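All remarks here apply to the structure that follows.
The values are calculated or read from the model by the stated rules, or taken from the named source; none is laboratory data. Quick caveat, the model's predicted, so the values are computed rather than measured. Positions of Cβ are backbone-derived with ideal geometry, glycine not excepted, and every protein chain shown enters the neighbour counts. The area values use the complete protein model at the heavy-atom level, side chains included, leaving out ligands, DNA and RNA. Shrake-Rupley method; radii C 1.70, N 1.55, O 1.52, S 1.80 Å.
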Amino acid sequence: MEQIHGTSRSTPSVGGTDPRLYQIVSLSTLLTYGFVWLHFEVSFAQIVVTIGTALLTQYAATRLVGLPAFDPTSALISSLSLCLLLRTNDLTVAALAAFIAISSKFLFRRHHKHLFNPTTLALAVMLATGFGWISPGQWGQVAWFGFFVACLGSLVVTRAARADVTLAFLLFYTGVLIARALWVGDPLTIPLHQLENGALLIFAFFMISDPKTTPDSRAGRITYALCVALAAGYVQFGLFRPNAPLWGLIVCTSLVPLIDAWLPGREYDWPGRSPDSAPPPALLPVLHRPSIPQPRRFS
Amino acid sequence: MRRWLVPVLTFTAGLFLWGGEASAFCGFYVGRADTKLFNTASEVAIARHDDKTVITMANDFKGDAKEFALVVPVPTILQKEQIHVGDAAVLRHLADYSAPRLVEYFDENPCLREELMERRSMDAMKSMAPAAASPRGRDKTLGITIEAQYTVGEYDILILSAKESAGLETWLTEHDYTIPNGASQVLQSYLKQGMKFFVAKVNLGEQAKLGLTHLRPLQIAFESPKFMLPIRLGTVNADGAQELFIYLLTKHGRVETTNYRTVRLPEAQEVPLYVKDRFGDFYRDLFTQQVTREHERGLFLEYAWDMNWCDPCAANPLSAEELRALGVFWQEPQGRGRGEVFPQGQRVFLTRLHVRYNAAHFPADLMFQETADRTNFQARYILRHAWTGTDACSAAVTYRRQLPERHEHEAQTLASLTGWNIEDIRRTMHLASRPIEHEKTWYQRLWGN
């Protein structure tokens, strides 16, 4: 769960364990439930290939960039999210998606941040090229509700610092759906039905909340959540396309530097790294960096 | 059987690629489940590519033609050229082609099989031919605009836009369109979404002139990013659930709903032989059972197949002309004017969805998306005839010993799929009830008491 990257230094973990483990467990449980009971159209081979490629890419990039230690947690979270969302009949596509997701963290950077959330970028590329698709309707009520509770629970348990952007987005997006229903005179069962979408939950709890791609200040993040919710509303009701929040997030990514300039805040700081350290090169750090400065994390 | 089926499959596929006549490796087709099994079932075919959509609405209206009226929300104002009257036979062909099917296999002599395996050789299955299978002032007062008015074939058609649903409802009622109570809210929603209303009645004079005794399907063609099917009007005041078959013809791959679960029906299940005579009942009860298991919220995939072929064929694949008649505009027919010619490599993928819906479980219209999935799927059920020879090789002894277990398994599959009583099934199959109460416990078996 990328928002866990936002765990502040004062609460890096709960009970001495990495809180990201909690999220890996909840994603894995959901994937198992979907695979076994809901018959998600994802093969065991695709799961293995996706996770394997993500871990290999993370490992290779760790070595290339010269990071001190290989950290599989973020790669696991990104690849589990891909397994839950991306559908394809081609294992090469699954591998390519995992590679794009993880390598984008190392390639597309600005100051200390990623430009794109890894999973979002990989999904957008696969949808745009037509190699893969997302099946947002395949969840069913039981899985959706169970997952919603697990996600909310994770916010409480991990005291994630970026919970604000998740909650703000869910609030604004629900607002957009309800406002639209009221405007056209639909009963509220329709916006409730629209919210019952597992992909939306993964998006809200695992993608938009990525501290490496969200604005630094709380006001900035709430503004950002509003922009994404409005863009998603436009894609859904103006352009009539599925997977609206994903496209909303991709479009609004470009607003982050503007929001940061307008509403500056303390930059997100990884546990263990000095906040005063010099920022790494912006793009393609592998090519431009002459020597290895102090340890950095790319997860 | 599976053990030799795989090599036969490979071999048959090889034959197919080589250009010879393909054998039916999926068994011999013996029956299909007709859409008429389900009461008051509607059928809609949607051909779509690049936001261009052609919808064919089947018309199985049985009453007096002057009583017939149809009201459908459409995304744009339609010109006369965008409305067409189709051929019911083509839609029937499409339904037959994609229907759930029953196939049968005949077990071979296990002794022969043993010999064959020893010699590591095999024969291909015999090839099998596919089975044949008012005044303007009043309108203004009500806020209604008649955007267009046409007579197409036996139908009088109006395209209406309106300011308020109440006016529209009054207008429709005054013009003898029966609008159920409570439709106003739904009409209002469609109006706010910028949709127009396509309303059709039968022109009795034209119908008599054409000499038609039945009503032909209506077709509309339009361009819109909305890939959806409005079902909400149908749920207002409906008696119980409605049955709908949707045939989606696309260029790239399978279609699924984005706002409801699309579920594959159980397929390739082996069922008792007597299902052959009761396939209709079997399929209807199986479907009901699946609907219940999905808590009445899912759509069911019955068929997803590349339009170039089928195996086994419940009916021949549709010709290029038939596909164009159903709105497949991207497929240019070859040898135009020379009758039905199958072009090489048609790019048409058929998805057949079946849904039982009501307002409580389907509050919103069906939204679709086309995926890149071109994997074939068919609701296919298997009858396996046992070998009845008298050979006494060791394989035959083993085979006979395993038969009761296999029949019991078929009975349990049937009970699980349809919800039929297992004892009734066993009785019909002439199977002895399982002597569960007499079965020895593990400790009885251990100590022999």
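Contour minus end-to-end for A:Arg218 and A:Tyr33, with contour as 0.36 nm per residue of separation and end-to-end as the Cα-Cα distance?
Full extension of this stretch gives 63.1 nm more.
Please tell me which of these pairs span more than 28 angstrom C-alpha to C-alpha: B:Lys52/B:Lys80; B:Lys192/B:Lys251; B:Lys80/B:Lys226; B:Lys80/B:Lys209; B:Lys163/B:Lys226; B:Lys52/B:Lys192?
B:Lys192/B:Lys251
Using a Förster radius of 56 Å, what is the FRET efficiency between A:Leu182 and A:Val25 based on their Cβ-Cβ separation? Nearest 0.05, please.
0.90
What distance in nm separates the two pseudo spin-label positions at B:Asn308 and B:Arg347, each 7 Å out from Cα along the beta-carbon direction?
Result: 1.3 nm between the two label points.
In µm²/s, what is D for segment A:2-269 at 20 °C and 1.002 mPa s, where D = kT/(6 pi eta Rh) by Stokes-Einstein and Rh is the Kirkwood radius from Cα pairs?
Rounded to a whole number, D works out at 115 µm²/s.
Please sort A:217-230, B:55-68 by packing, taking for each peptide the average over its residues of neighbouring beta carbons within 10 angstrom, highest first.
Details: A:217-230: 21.1, B:55-68: 15.6.
With the highest mean Cβ count within 10 Å placed first, the list reads A:217-230, B:55-68.
Would you mind giving the mean number of other chain beta-carbons within 10 Å of the Cβ of each residue in B:217-229, as a whole number?
Partner Cβ neighbours, averaged per residue: 1.
Could you work out the relative contact order of segment A:2-269, using alpha carbon pairs under 8 angstrom and six or more residues apart, expressed as a whole percent?
So the answer I get is 23 percent.
State, to one decimal in nm, how far the label point of A:Tyr234 lies from the label point of A:Leu56, with both points 7 Å from Cα in the Cβ direction.
4.0 nm
Enter the mean number of other protein chain beta carbons within 10 Å of the beta carbon of each residue in B:172-182, as an integer. Mind showing how you got there, number by number?
Details: counts 0, 0, 0, 0, 0, 0, 0, 0, 0, 0, 0.
If you average over the peptide's residues, the count of other-chain Cβ atoms is 0.
Once R0 is set to 60 Å, what does the formula 1/(1 + (r/R0)^6) return for the Cβ-Cβ distance between B:Arg278 and B:Lys140, expressed as a FRET efficiency to the nearest 0.05? Numbers along the way, then the final one.
On the way: r = 59 Å, r/R0 = 0.98.
Once rounded, the FRET efficiency stands at 0.50.
If the reach is capped at under 26 angstrom between alpha carbons, list the lysines near B:Lys276, excluding any in the same chain fewer than eight residues apart.
B:Lys36, B:Lys126
In terms of the Cα gyration tensor, with a ≥ b ≥ c the square roots of its eigenvalues, is segment B:44-93 rounded because a/c is under 1.5, prolate because a/b exceeds b/c, or oblate?
Cα axes put segment B:44-93 in the oblate bin.
For B:Lys196, which sequence-distant residues (separation of 5 or more, or a different chain) have an amide H within less than 5 Å of its own amide H, given hydrogens modelled in the peptide plane?
B:Val74, B:Thr76
Using a simple charge model, +1 on the beta-carbon of Lys and Arg, -1 on the beta-carbon of Asp and Glu, nothing else, what dipole does segment A:2-269 show about its Cα centre, in debye to the nearest 20?
On the way: 16 positive and 13 negative charges, 85 e Å.
About 400 debye.
Could you size up the charge dipole of segment B:386-449 around its Cα centre, putting +1 on the beta carbon of Lys and Arg and -1 on that of Asp and Glu, and report it in debye to the nearest 20?
Dipole about the Cα centre, nearest 20: 180 debye.
From the phi of every residue in segment B:365-381, what ³J(HN,Hα) in whole Hz does the Karplus formula 6.51 cos²θ - 1.76 cosθ + 1.60 yield, where θ is phi - 60° and glycine or proline is x?
5, 7, 10, 10, 9, 8, 10, 8, 7, 10, 6, 7, 8, 8, 7, 10, 10
So how much slack lies between B:Glu174 and B:Asn358, counting 0.36 nm per residue of separation and subtracting their Cα-Cα distance, in nm?
Extra length available between B:Glu174 and B:Asn358 comes to 63.5 nm.
Accessible area, 1.4 Å probe, largest first: how do B:Asp139, B:Asp87 sort?
Details: B:Asp139 5, B:Asp87 90 Å².
Result of the area sort, largest leading: B:Asp87, B:Asp139.
If the chain between B:Trp442 and B:Glu332 were fully stretched, how many nm would it gain, using 0.36 nm times the residue separation less the Cα-Cα distance?
32.7 nm
Within 10 Å of each candidate Cβ there may be at most 16 other Cβ atoms; applying that plus a DSSP loop requirement, which trypsin sites (Lys or Arg not before Pro) in segment B:366-427 survive?
B:Arg374
Calculate, for A:Val149 and A:Leu258, the FRET efficiency according to 1/(1 + (r/R0)^6) with r their C-beta to C-beta distance and R0 41 Å; round to the nearest 0.05.
E(calc), rounded to 0.05, equals 0.70.
How many percent of the alpha carbon pairs in segment A:127-190 exceed a separation of 18 Å?
Everything past 18 Å amounts to 62 percent.
Each label point is 7 Å from the Cα along the Cα-to-Cβ direction; what then is the distance between the points at B:Lys62 and B:Glu294, in nm?
Taking the simple label geometry, B:Lys62 and B:Glu294 are separated by 2.6 nm.
Taking a ≥ b ≥ c as the square roots of the Cα gyration tensor eigenvalues, with a/c under 1.5 meaning rounded and otherwise prolate when a/b beats b/c, else oblate, which class fits segment A:143-224? Let's see the in-between values first.
Numbers: a/c = 2.72, a/b = 1.44, b/c = 1.89.
Verdict is oblate for segment A:143-224.
Over all residues in A:65-76, what is the mean tally of Cβ atoms on other chains that come within 10 Å of each residue's Cβ?
If you average over the peptide's residues, the count of other-chain Cβ atoms is 0.
Ordering B:His175, B:His409 from largest to smallest accessible area (1.4 angstrom probe), what's the sequence?
B:His409, B:His175
Is the shape of segment B:386-449 best called rounded, prolate or oblate, per the rule: a/c under 1.5 gives rounded, else a/b larger than b/c gives prolate, else oblate, with a ≥ b ≥ c the square roots of the Cα gyration tensor eigenvalues?
oblate
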